[in-house]
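One structure below.
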Amino acid sequence: MGNSALKAHLETAQKTGVFQLTGKGLTEFPEDLQKLTSNLRTIDLSNNKIELLPPLIGKFSLLKSLVLNNNKLTALPEELCRLKKLETLHLNGNHLRQLPAAFGQLSALKTLSLSGNQLRTVPTQLCGLRHLDVVDLSKNQIQNVPDSVGELQAIELNLNQNQISQISVQISHCPRLKVLRLEENCLELSMLPQSILSDSQISLLAVEGNLFEIKKLRELEGYDKYMERFTATKKKFA
């Protein structure tokens, strides 16, 4: 991609606050973007070959949306955690194994998408985020869901297509969790905490493709209570 083309993109971004450059084979974050640290609200660099996010990412103080799907990121810089206005972060299809320690400082974050990475556990840093609505951790290598998950504020948690065989009973204590997706994991029915059914806010539990037949779920204590929530929610959206 020539300099003149990049220049045109930068000029547009200066006016619109949006910088989008997808599928151009970029191997690094465009240096020239640092001229726009006080303009940009959206950066989308999906479908490139970016391996590193530079520390300067922390200077985009107005950034609300950062989309870096399908790149080659193996880690994220701590500086990313300075983005106090960031609401949407999409990092699907990278090679991330963990999140920065200070990730809980992204206090405005509402949507976090980390599908198709190499995470082995549900990151505890997510529990400090008070405005999280949707967390997508599908298609990772997560094997268990730890006790800390009880602090998660999300409304929807997607854990489809992992290797989960154990879930902490604390998941029933999530104050806002309505949708829990656990399809295509390694769960035995005995490993599914019954309190999810009898004693949680969850009104949509998706568990197809595990090591038990779905009809067995209906025999569990608390299933009726779950169905009441499920039906009530369905009516609301009908």
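The values are calculated or read from the model by the stated rules, or taken from the named source; none is laboratory data. Treat the numbers as computed from the prediction; the structure is a model and nothing was measured. Note that we place each Cβ from the backbone using ideal geometry, even for glycine, and neighbour counts take in every protein chain shown. All accessible areas refer to the heavy atoms of the entire protein, side chains included, with ligands and DNA or RNA removed. Shrake-Rupley method; radii C 1.70, N 1.55, O 1.52, S 1.80 Å.
A few remarks follow.
- Wholly enclosed helices (runs of 4 or more DSSP H) of the range 146-238 bearing at least 1 residues aliphatic (A, V, I, L, M), within 24 Å of the chain's Cα centre (by Cα) and on the phi < 0 side of the Ramachandran plot: 195-198
- The number of residues in the range 19-64 that are closer than 16 Å to Leu91 by Cβ and of a type in the set (D, E, K, R) comes to 4.
- Considering the conditions (1) of a type outside the set (Lys, Arg); (2) surrounded by 16 or more Cβ atoms within 10 Å (Cβ to Cβ); (3) touching a Leu at 6+ places or on another chain (Cβ under 7 Å), Ser148 is excluded by exactly one of them, (3).
- The set of residues in the range 55-68 being out of contact with any Lys or Arg (no Cβ under 9 Å at 6 or more places or on another chain) and open to solvent by 30 Å² or more (accessible area, probe 1.4 Å) consists of Pro55 alone.
- From Thr111, Thr74, Thr121, Thr88, residue being open to solvent by 10 Å² or more (accessible area, probe 1.4 Å) and at pLDDT below 95: Thr121
- Inter-residue pairs, beta-carbon under 6 Å, first under 10 Å from Ile196 (Cα atoms) and open to solvent by less than 40 Å² (accessible area, probe 1.4 Å) and in the range 214-226, second part of a loop (DSSP other than H, G, I, E, B) and not hydrophobic (A, V, I, L, M, F, W, C), 6+ apart: Gly222/Gln194
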